[in-house]
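All remarks here apply to the structure that follows.
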Amino acid sequence: MLSPYQKIRLKQLLIWLLPVIWMGIIFLFSATPYERQDLKPALTDRFDLSVIEPFVDRVNFTYHNSEISVASLGIESFVEFFIRKGAHVFVFFTLTLLFIYAFKKTTNLDLQLMLLFSYLFSVLYAGFDEWHQSLTPNRTPYIGDVFLDSVGSLFAVIVVVTVAFLKKRR
């Protein structure tokens, strides 16, 4: 039988497993070669992307020394690019929220420190994730992806600050 203290510690451990498991999921995706994550066949089979082509055919920019446009990539690769970059933002938005939740439930830190530590841990993990990709075949690390991850983390902080502000106003 667990003592009340042991029950609290076990609950805290389980709460901290949430960001750790999410980091493990990120790690597994980073360890997967690009060819095994190719979304283009699924996009081609399930969606008629020609419908959106007229709306995005003028979009043209450079990312990681590559031209990003429908003309240079084709519509499937163009859409895949945005799905992948959106995933960076979403994944680190979620990681930061999980860190904030873990800090809130297991520490007595004030909100500012919780947000700061959650953001910093997420950005540090983003850097580790990009380094880890350098060890994976056909994957390349890029500081621009760390920036996108940081944006996702910052969005999470902004959402939490906004919710806290709105709760105080009530």
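The values are calculated or read from the model by the stated rules, or taken from the named source; none is laboratory data. Please read all numbers here as calculations on a predicted model, not as lab measurements. All Cβ positions, even for glycine, are placed from backbone atoms using ideal geometry, and neighbour counts span all protein chains on display. What goes into the accessible areas is simple: the full protein's heavy atoms, side chains included, and nothing from ligands, DNA or RNA. Shrake-Rupley method; radii C 1.70, N 1.55, O 1.52, S 1.80 Å.
Counting only helices (runs of 4 or more DSSP H) that sit completely within the stretch 18-133, those holding 3 or more residues that are in contact with a Gly (Cβ under 6 Å, 6 or more places away or on another chain) correspond to 75-106. For the stretch 30-77, give me the residue count where each residue is of a type in the set (Lys, Arg) and under 23 Å from the mean Cα position of the chain (by Cα). Qualifying residue count for the region: 2. Note on the stretch 74-121: among residues that are of a type outside the set (Phe, Trp, Tyr) and within 12 Å of residue 148 (Cβ to Cβ), the one that is surrounded by the fewest Cβ atoms within 10 Å (Cβ to Cβ) is 86. What do you reckon, is residue 33 under 19 Å from residue 87 (Cβ atoms) and touching a Pro at 6+ places or on another chain (Cβ under 8 Å)? Yes: the conditions hold for residue 33. Considered as a group, the residues in the stretch 33-52 that are of a type in the set (D, E, K, R) and open to solvent by less than 60 Å² (accessible area, probe 1.4 Å) include one that is nearest to residue 126 (Cα to Cα), and that residue is 38. Number of residues in the stretch 10-32 that are more than 22 Å from residue 129 (Cα to Cα) and exposed (fewer than 13 other Cβ atoms within 10 Å of the Cβ): the value is 4.
Residue-by-condition table, conditions (1) under 26 Å from residue 19 (Cα atoms); (2) of a type outside the set (Asp, Glu); (3) in contact with a His (Cβ under 6 Å, 6 or more places away or on another chain):
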| position | (1), (2), (3) |
| --- | --- |
| 33 | yes, yes, no |
| 53 | no, no, no |
| 57 | no, no, no |
| 66 | no, yes, no |
| 72 | no, yes, no |
| 77 | no, yes, no |
| 86 | yes, yes, no |
| 90 | yes, yes, no |
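Could you check the stretch 100-109 and list, in sequence order, the residues that are under 17 Å from residue 162 (Cβ atoms) and either touching a residue at least 24 places away in the same chain (Cβ under 8 Å) or of a type in the set (Asp, Glu) (or both)? Once the filter is applied, which keeps residues that are under 17 Å from residue 162 (Cβ atoms) and either touching a residue at least 24 places away in the same chain (Cβ under 8 Å) or of a type in the set (Asp, Glu) (or both), the stretch 100-109 yields 100, 101. Taking the stretch 1-28 as the range and being within 21 Å of residue 83 (Cα to Cα) and either in contact (Cβ under 8 Å) with a residue 40 or more places away in the chain or of a type in the set (A, V, I, L, M) (or both) as the test, the residues that pass are 22, 23, 25, 26, 27, 28. The requirement of being among the acidic types (Asp, Glu) and within 30 Å of residue 13 (Cβ to Cβ) is satisfied by residue 129. Of all the residues in the stretch 62-73, those that are under 20 Å from residue 37 (Cβ atoms) and surrounded by 15 or more Cβ atoms within 10 Å (Cβ to Cβ) number 2.
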